[in-house]
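In what follows, a structure is listed as structure tokens, so that the remarks can point back to it.
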Amino acid sequence: MRHILSVLLENEPGALSRVVGLFSARGYNIDSLTVSTTEDASMSRMTIVTHGNDDVIEQITKQLNKLIEVVKVVDLTDGNHIERELMLVKVRAAGKDREEMKRMADIFRGRILDVTDKSYTIELTGDGSKLDAFLAAIEPSFILETVRTGTSGIGRGERILKI
Amino acid sequence: MIKHLRMNMSSSQAAGTLLTGAEIVVRSLAEEGVEFVFGYPGGAVLNIYDEIFKQDRFKHVLVRHEQAAVHAADAYSRSSRKVGVCLVTSGPGVTNAVTGIATAYMDSIPLVIITGQVPTHAIGQDAFQECDTVGITRPCVKHNFLVKDVRDLAATIRKAFYIASTGRPGPVLVDIPKDVTANKCAFEYPREVHMRSYQPQGKGHSGQIKKAIQLLLDAKRPMVYTGGGVILNDAASELTRLVRRLGYPCTNTLMGLGGVPGTDPQFLGMPGMHGTYEANMAMQECDVLIAIGARFDDRVIGNPQHFYREGRKIIHIDIDPSSISKRVRVDVPIVGYVKDVLAEMNALIEASGREPDAAALKAWWAQIKKWQAKECLKYRNSDEVIKPQYVVQKLYEVTGGDAFITSDVGQHQMWAAQYYKFDKPRRWINSGGLGTMGVGLPYAMGVQLAHPEATVACITGEASIQMCIQELSTCKQYHIPVKIVNLNNRYLGMVRQWQEFFYGNRHAESYMDALPDFVKLAEAYGHHGIRIDRPGDVEGALREAFKQKEKLFFLDFITDQTENVFPMVPGGKGLTEMILAEEL
């Protein structure tokens, strides 16, 4: 099962290594990981997408909590949540394909950020499956380059992760 | 947190004298009440050593290899319940210490390791004796710090001691660049530590505790299984009280020996790979298992699929939530300090006036007696050749069962655990988790320094002892009169045993050729040695050595080369799939 773990941790050098080291040392999976500071500069927030059965996820949560710099861990997939990922994709857009690529970007509510006479660079946000769908909808040979941020997530409504 | 402290300090100490980082290290250790620092000097820690030279608040013990510094600090802690402290230099000083740190980490021993680092401006430049200490040690410490600003130093050392000794204990490393030890700032040792990200949960959930008591009292075939957590949290008296009040059978793991007295009739011996038949059968066949400060590790329960029993209920008390339901699903988890939880359980059981089911318990003990009748630790003694088990039994007699025993790793370790009965906690000092050969002698040093008047024996083998043999020199320098009981079978015995059982008896690299004359070696270091090769001389040699309290004796017992450790649960097998001596 896929899980999204939100982790609040001290914004200290090495804190990221401890988390990543934990996953590799204990053989857990990281599907994606994003991290940045929060509105409180002393604190970072990390979103880890992982998968495993319930026992594995329970252990991951406990092991994360055991790290001295980790303040809080929440499994967003335990409740209603929103997830978003940003993708920048450079596609071939020359001649007759230019119109088609523009239309695809519009359909997926993407924005074209950069234009040359042979290519578009499109920005897309959504959950991971939407980004996958966009890539699947385009002939692979048209995709020149992609870069994805990995998933960020937040609880819906009153669900707040804060200290 | 560090920032807050820094502000407090600067306001209160604005007019105070300034201390160097090295002075701050030494003052901070003194503030922590440190008695001994085990270490080895080098370039990056010279400023700190210079300050150690000028002070008399604590003693420094100069080992002969950094690994031994950590082991000695580790055993000092295990036997005394204080935090062990060591000090090593950057680069090779650190890498040599890593085995010791990992050993302490696996057994949850509270240590503070202070390491020198190249100056901050040289970090990352591949400087002489530079290594990424924080990176190398990260997976084998509870936490580590790199202190880049002298103003953070005192608060960091305070935190290190706090983290090491609270919650599930463990080693904490503080890496200090050389320039930080020279830089100056005002010094005030923080009284309190508050960390928003580290607040160990100490008190067990009372609802869960009530549930556990209910299950325990309703049990028909109860079993108490306890580990190193009981020793580390000084809960042996609470545990013994619970076990005696209920009249239930109890087993202590290798790390938990001494949790209940080893001579107690309710003690079934150690469980696991080389545990007793009765302990393993009771672990498997009970209907309620209470695990206390233990972690169901592979050497204790064997294969978890085989260990599973339909209907058996498991209660698990541990300070570390991640130990619970890690290898075995439990029914009643209780997170908290085992000492407090056990005290609460005792009080509640005594207040309830409820008694266990006497008829069921009688039947259960009758079953256990049948298992005990197998006498799984019986061995055939000999007049011709010294049996290693016999040496341990005689050692037990000669020391009146009251010695501190350290061991190395292998067959001799298992025989020590099986045949020496530990009536008190913190008397049995060994590397259970990491299984580090070479710990025995430095462990004995740490124990003897913590207990100068006590009898300390190191049960070892001719292979293990050679891994830290250089510490005989440290023992000479500091007059550490430990007794080394070398069970010398000229083999890596446990490796040879596995090769015999599982590898067609092909002894690949397990024969210890070209052994030194240990008696002469001991004498070369200024100690005394006796070589014993006849069973009739075992007791006499032991008595002779232990009589001379102020001298280190190296007793080289030439033992039976073919002896194996029984019972044995082969790796990956279930607990009840034991090989017993009589079956071969």
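Any read-out appearing in this document is the output of simple, stated calculations on the displayed coordinates, not a laboratory observation. What you see is a predicted model, and the numbers here were worked out from it, not measured in a lab. Cβ sites come from the backbone with ideal geometry, for glycine too, and all protein chains shown count toward neighbours.
Values computed for the structure shown
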| quantity | calculated |
| --- | --- |
| Karplus-derived HN-Hα couplings along the stretch A:61-68 (A = 6.51, B = -1.76, C = 1.60, θ = phi - 60°), whole Hz, x at Gly and Pro | 4, 5, 5, 5, 4, 6, 5, 4 |
| All Cα pairs of the protein assembly as shown, percent lying beyond 44 Å | 34 |
| Kirkwood hydrodynamic radius of the stretch B:276-392, from inverse mean 1/r over distinct Cα pairs, in Å | 17.1 |
| Hits among lysines - C-alpha to C-alpha of B:Lys54 under 29 Å, sequence gap 8 or more where chains match | B:Lys82, B:Lys148, B:Lys159, B:Lys178, B:Lys184, B:Lys476 |
| Positive dipole terminus of the stretch A:1-51, leading residue within A:Gly21, A:Met43, A:Met1 (C-beta point charges) | A:Met1 |
| Dipole magnitude of the stretch B:246-321 about its Cα centre (Cβ charges: Lys, Arg +1; Asp, Glu -1), debye to nearest 20 | 40 |
| Size of electric dipole in the stretch B:534-584: Cβ of Lys, Arg +1 and of Asp, Glu -1, about Cα centre, debye, nearest 20 | 320 |
| Beta bridges by DSSP in the protein assembly as shown, antiparallel share as percent, to the nearest 5 | 45 |
| Hydrodynamic radius of the stretch B:158-290 per Kirkwood, over alpha carbon pairs, in Å | 18.0 |
| Hydrodynamic radius of the stretch A:1-148 per Kirkwood, over alpha carbon pairs, in Å | 17.3 |
| B:Val328-A:Arg159 pseudo-label distance in nm [points 7 Å out on the Cα-to-Cβ vector] | 3.5 |
| Tail fraction, Cα-Cα pairs, the stretch B:468-584, threshold 24 Å, whole percent | 43 |
| Sorted by Cβ neighbour density within 10 Å, fewest at the top, the residues B:Glu453, B:Glu32 | B:Glu453, B:Glu32 |
| Farthest toward positive dipole pole in the stretch B:487-552 [+1 Lys/Arg, -1 Asp/Glu at C-beta], among B:Ser510, B:Trp498, B:Ala522 | B:Ala522 |
| Under-14-angstrom lysine pairs by C-alpha in the stretch A:89-163, whenever the two are 8 or more apart or on separate chains | 4 |
| Eligible lysines near B:Lys394 by straight Cα distance, threshold 16 Å, same-chain separation 8 or greater | B:Lys378, B:Lys421, B:Lys483, B:Lys547 |
| Kirkwood Rh and Cα Rg combined as Rg/Rh, the stretch A:40-99 | 1.23 |
| Value of Rg to Rh for the stretch A:55-137 (Rh from inverse mean 1/r over Cα pairs, i.e. Kirkwood) | 1.23 |
| Summed residue charge, Cβ within 9 Å of B:Asn144's Cβ, Lys/Arg positive, Asp/Glu negative | +1 |
| Sites A:Thr34 and B:Ser206, calculated FRET efficiency, Cβ-Cβ separation with R0 56 Å, nearest 0.05 | 0.90 |
| Bins of 10 Å from zero: percent of alpha-carbon pairs in the stretch B:364-495 | 12, 41, 32, 12, 3, 0 |
| Ratio Rg/Rh, restricted to the stretch B:249-332 and using Cα atoms, in which Rh is the Kirkwood radius | 0.93 |
| Residue order, fewest to most beta carbons within 10 Å, for B:Ile319, B:Ile469, B:Ile290 | B:Ile469, B:Ile319, B:Ile290 |
| Cα gyration tensor category, rounded, prolate or oblate, for chain B with a/c compared to 1.5 | oblate |
| Paired Rg and Dmax values of the stretch B:23-129, which use every Cα atom, in angstrom | 13.5, 41 |
| Ranked list, fewest to most other Cβ atoms within 10 Å of each Cβ, for B:Val519, B:Val25 | B:Val519, B:Val25 |
| Test item: A:69-80 mean partner chain Cβ contacts at 10 Å | 1 |
| GNM result for chain A, Cα springs below 10 Å: residue of A:Glu12, A:Glu139, A:Glu85 fluctuating most strongly | A:Glu139 |
| For the stretch A:29-163, size of Cβ-based charge dipole, Lys and Arg +1, Asp and Glu -1, in debye | 340 |
| Relative contact order (%) - chain B, alpha-carbon pairs under 8 angstrom, separation at least six | 14 |
| Aspartates and glutamates whose Cα lies under 16 Å from that of B:Lys220, excluding same-chain neighbours fewer than 8 positions away | B:Glu285, B:Asp287, B:Glu310, B:Glu355, B:Asp357 |
| Chain B: antiparallel DSSP beta bridges as a percent of all, rounded to 5 | 10 |
| Pair A:Ile143, B:Lys378: separation of 7 Å Cα→Cβ label points (nm) | 7.2 |
